[in-house]
1. Can you tell me the orientation of helix 95-112 relative to the chain, as the angle in degrees between its alpha-carbon axis and the longest Cα principal axis, to the nearest 10?
2. With +1 on the Cβ of every Lys and Arg and -1 on the Cβ of every Asp and Glu, and nothing else charged, how large is the dipole of the chain about its Cα centre, in debye rounded to the nearest 20?
3. Excluding residues on the same chain fewer than 8 positions from Lys60, give the lysines whose Cα lies under 23 Å from its Cα.
4. Per residue, how many Å² of accessible area does the chain show with a 1.4 Å probe?
5. Using helices alone, I'd like the mean residue ellipticity at 222 nm for the chain: each DSSP H run of four-plus residues gives -39500 (n - 2.57), total over residue count, nearest 500.
6. Relative to the longest principal axis of the chain, what angle (0 to 90°, nearest 10) does the C-alpha long axis of helix 117-128 take?
7. Quantify, in whole percent, the carbon and sulfur part of the accessible surface of the chain (1.4 Å probe; protein heavy atoms only).
8. How tilted is helix 2-15 with respect to the longest principal axis of the chain? Cα atoms for both, answer in degrees (0 to 90, nearest 10).
Amino acid sequence: MVVQIAQEIFLDNHARGNLLDQSVDQVYCLGCSKFLADRFIEGECPLCHYDDARGDQCDKCGKLLNATELLKPRCKANKDHAVEVRTSSHLFLDLPKLEPQLRDWIAASSTKGKWTSNGVGITEGWLASGLKPRCITRDLKWGTPVPLDGFKSKVFYVWFDAPIGYISITATYTPEWRKWWCNEEEETRKSIELVQVRS
């Protein structure tokens, strides 16, 4: 059910024109004979020059990265393997198109949900620098398959389908899960509240 719901949300976004097809330069490990997932690429952050930045972000300065931006990239599995950049076609969520809706939602949710000042600050920083399309597919063997011709050998990147797990876990308890998350009746919608506890 988790896979099916993630694929339905993806197909809905595709039908609404919220996705872009773009070519992407990716890091390919010659020793492993495969494209490397972002977490299996390390290197130097181009912004703060932290030496152990990952292929998706720098844990020191918080900058979101594409693996090809890393200076001196290396394979995490074997630092002696040579890596090179190769091109592959991928699907992106068109965040610039969705930015007005996102801004409205963030303004309301951050206040109502009492977001931490850190969470608000990071979100405002992303918005201030201008949202860019964000890749949602990867050339991997494991993960949720992309149900679209031309992309069936790819899977969703975890940042896209993992949050959907919060929704799809409800489907393991009730076939009426859509009523809980998508109820159109105003009174019912007001009575549903998602609470996340920090430990």
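The values are calculated or read from the model by the stated rules, or taken from the named source; none is laboratory data. None of these values were measured; they are calculated from a predicted model. Don't worry about glycine lacking a Cβ; one is built from the backbone with ideal geometry, like all the others, and counts go over all protein chains shown. What goes into the accessible areas is simple: the full protein's heavy atoms, side chains included, and nothing from ligands, DNA or RNA. Shrake-Rupley method; radii C 1.70, N 1.55, O 1.52, S 1.80 Å.
1. 50
2. Numbers: 26 positive and 27 negative charges, 70 e Å.
In total the dipole reaches around 340 debye.
3. Lys72, Lys76, Lys79, Lys132
4. Values: 12830 Å² over 199 residues.
Here the per-residue accessible area is 64 Å².
5. Values: 7 runs with 68 residues, N = 199.
Value at 222 nm, helices only, nearest 500: -10000 deg cm²/dmol.
6. 70
7. Working: 6940 of 12830 Å².
Here it works out to 54 percent.
8. Around 90 degrees separate the two axes.
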